[in-house]
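Notes follow once the structure below has been shown.
Since every read-out is calculated from the coordinates, none of them should be taken as a lab result. Here the structure is a predicted model, which is why all the values come from computation and not from measurement. Cβ sites come from the backbone with ideal geometry, for glycine too, and all protein chains shown count toward neighbours.
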Amino acid sequence: MLGDIGTGRIDMVVVYKIDRLTRSLADFAKLVDQLDAAGCSFVSVTQAFNTSSSMGRLTLNVLLSFAQFEREVTAERIRDKIAASKKKGLWMGGVPPLGYDPHPDRTRRELVLNEGEAVTVRRLFALYQELGCLNAVTRQADVEGLRSKHHVFKTSREQGNRPFSRGQIYHVLRNPTYLGRIRHKDRSFPGLHAATIDQALWDRVQAKLEATAMRKRGSKTANGPHPHALNAEAPLLGKLRDETGDILTPSHTKKGNRRHRYYVSNRLVSGKPDPAGWRLPAKAFEAAVACAIQDSLTRAAERHEVIVAKDVVVLQDASARAHSLAARIEHEGIRQAAPLIDSGTIRKDRLGITLCAAALSNALELQEGEPAPALLRIKAPFHCRRRGAEMKIIAGSFQPVPDKTMIRALRNAHAWVRHMKAGASIREVMMQANKSDSYVSRIMLLAFLAPRIQKAIIDGTQPVSLTLETLIRSRMPRDWNAQEVLFGFDAKS
């Protein structure tokens with residue numbers, strides 16, 4: 001509808017009550033700006049107000065304030081109810097973990113043991129106690145044919161019944177549900193369901209996980225050296241690969257008393273030099289990854305697209321939780337974001353991240369619904385620039401952001417070319433624009449850019465490395481395909 005309003009196809013929006021339109025003052029302010037810009041008005045069937053007067057706008061803001069207050073109070077009551085129920089050991093819904101099913105009686109908020117799946121859970125705990133390495137457990141679980149939980153949603157969409165990823169196994173080993181407890185935020189309470197494993201096994205596995213997390217890369221364990229053991233100083237270890245499929249491996253160098261961390265393509269560590277291999281400063285790269293996840297959560301929360309659900313209150317509660325998680329990631333950085341990552345791929349201009357659905361559900365403490373598929377697959381612009389000896393990583397939101405300076409230059413280029421076609425000389429154009437002849441000459445060349453490049457500039461989807469300075473200082477080829485290659489556009493599919 002907003003798209004139709006923007007194109008002028010709708011000139012009036014009719015609502016039953018104003019709180020059916022929005023229950024957020026901030027959202028309403030943005031909505032009013034969009035409606036005003038498009039010359040569209042809105043009318044409430046049951047409420048009379050006139051936004052053309054100051055008193056009418058005050059009345060409208062008061063009505064919206066009460067609507068927002070009602071929404072926030074309802075969300076608080078739901079959160080309090082969930083917390084109180086979990087303290088009693090009740091299961092508050094969502095996708096049940098591997099090894100459990102919801103009670104057949106829907107009025108009983110508890111889990112029942114699924115003995116067939118519980119065998120898989122016990123085997124994963126036993127494998128980790130034996131091997132002490134998540135990567136080794138993942139490989140052995142695949143060899144033994146262990147599979148994740150198969151779940152069919154009400155929409156008939158199926159999930160699971162696939163080989164375990166490293167992140168999924170870690171989530172299983174850290175889940176206190178298997179000890180007969182119900183988790184709420186950073187606490188857990190005795191549950192009404194039966195435990196899958198005993199306390200002694202749980203304690204041994206947790207102690208080993210903690211010890212492994214604190215161990216330096218390459219240090220020895222009781223089972224010998226584990227070069228791929230979880231590294232507290234490399235939270236992205238084992239999670240990301242480059243465009244060739246080569247895993248990004250933590251590395252470091254020392255200069256005096258300073259230790260510099262990097263993520264490098266594994267072939268650079270174990271083989272010959274490769275110009276196509278990646279060598280990224282760890283701190284900047286981790287910040288870029290955390291920023292991409294934070295941006296994705298924030299956008300999904302603002303659009304109420306965090307989970308797949310129809311209940312408005314449930315959607316709003318999930319959005320509030322996503323905002324809270326994004327704030328924690330902004331404060332704590334990659335330490336908060338890394339456990340959410342299942343896998344990822346880095347390319348010369350794009351960073352792709354796949355989040356673990358189970359880990360995200362746990363971090364958001366979802367009681368109903370499942371994470372939206374679009375939220376689990378993140379794409380963000382990614383570009384590296386070298387300034388002297390320093391490598392700068394440029395990453396950000398995938399939302400297109402048009403560059404007004406480039407658009408203005410492109411508009412001037414076409415206008416000046418039209419003037420010259422009409423018979424004006426370069427000097428007349430220069431005098432009218434009040435610019436030097438060299439500047440006018442360089443800018444006019446933009447009118448002869450490939451249509452794909454011009455459209456990308458207008459839409460704001462051009463490569464991060466493409467700036468106005470790059471355009472006017474480059475020796476621009478006449479061939480459009482050559483221009484696209486020169487300025488970093490992917491080949492057309």
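Using DSSP loop states and a limit of at most 14 other Cβ atoms within 10 Å to flag chymotrypsin sites (Phe, Trp or Tyr not before Pro), what is the longest stretch of the chain containing no flagged site? Spell out each step's value before the answer.
Details: sites that count: 16, 153.
It works out to 154-493.
Nearest 0.05, what FRET efficiency do residue 105 and residue 302 give at R0 = 51 Å with Cβ-Cβ as r?
Values: r = 39 Å, r/R0 = 0.76.
It comes to 0.85.
Within 10 Å of each candidate Cβ there may be at most 12 other Cβ atoms; applying that plus a DSSP loop requirement, which trypsin sites (Lys or Arg not before Pro) in the range 408-493 survive? It would help to have the intermediate numbers written out before the result.
On the way: sites: 408, 411, 418, 421, 427, 435, 442, 452, 455, 473, 475, 478, 492; in loops: 435, 475, 478, 492.
Passing sites in the range 408-493 are 475, 478, 492.
Would you mind working out the magnitude of the charge dipole of the range 404-486 relative to its Cα centre, with +1 at each Lys and Arg C-beta and -1 at each Asp and Glu C-beta, to the nearest 20 Debye?
That gives a dipole near 140 debye.
Looking at this model, which pairs from 154/310; 185/283; 239/283 are more than 18 angstrom apart at the alpha-carbon?
Values: 154/310 12 Å; 185/283 28 Å; 239/283 16 Å.
Distance filter (> 18 Å) returns 185/283.
Of all GluC sites (Glu not before Pro) in the range 41-112, which ones are in loop regions per DSSP and have a Cβ with at most 11 other Cβ atoms within 10 Å? Working shown, then result.
Working: sites: 70, 72, 76, 110; in loops: 110.
Of the GluC sites (Glu not before Pro), not one in the loops of the range 41-112 has a Cβ with at most 11 other Cβ atoms within 10 Å.
What Kirkwood Rh does the range 2-75 have if only Cα atoms enter the pairwise 1/r average? Answer in Å. Numbers along the way, then the final one.
Values: mean 1/r = 0.0777 Å⁻¹.
About 12.9 Å, per the Kirkwood formula over Cα pairs.
Please report the net charge: other residues with Cβ closer than 14 Å to the Cβ of residue 119, K and R +1, D and E -1. Let's see the in-between values first.
Values: positive: 122, 123, 147, 149; negative: 115, 117, 144.
Within the 14 Å Cβ shell, the charges total +1.
Just want the answer: with Cβ charges of +1 for Lys and Arg and -1 for Asp and Glu, which residue in 131, 42, 21 is farthest toward the dipole's positive end in the chain?
Projecting each Cα onto the dipole axis, the largest value belongs to 131.
Would you mind pulling out the separation of the Cα centroids of the range 74-151 and the range 332-367, in Å?
Each part reduced to its Cα centre gives a spacing of 20 Å.
Return the calculated 222 nm mean residue ellipticity for the chain, to the nearest 500 deg cm²/dmol, obtained by summing -39500 (n - 2.57) across DSSP H runs with n ≥ 4 and dividing by the residue count. Before the final figure, lay out the partial values.
Numbers: 19 runs with 224 residues, N = 493.
Helices in the chain give a 222 nm mean residue ellipticity of -14000 deg cm²/dmol.
Looking only at Cα atoms, what is the convex hull volume of the range 1-160 per residue, in Å³? Walk me through the intermediate numbers first.
Numbers: hull volume 36.7 nm³, N = 160.
Normalising the Cα hull of the range 1-160 by residue number yields 230 Å³.
Which trypsin sites (Lys or Arg not before Pro) from the range 185-215 combine a DSSP loop assignment with at most 13 other Cβ atoms within 10 Å?
Details: sites: 185, 187, 204, 208, 215; in loops: 185, 215.
The qualifying sites are 185.
What does the C-alpha gyration tensor say about the overall shape of the chain? Classify as rounded when a/c is under 1.5, otherwise prolate if a/b is larger than b/c, or oblate. Kindly include the intermediate steps, with their values, before the conclusion.
Values: a/c = 2.71, a/b = 1.28, b/c = 2.12.
Note, shape of the chain comes out oblate.
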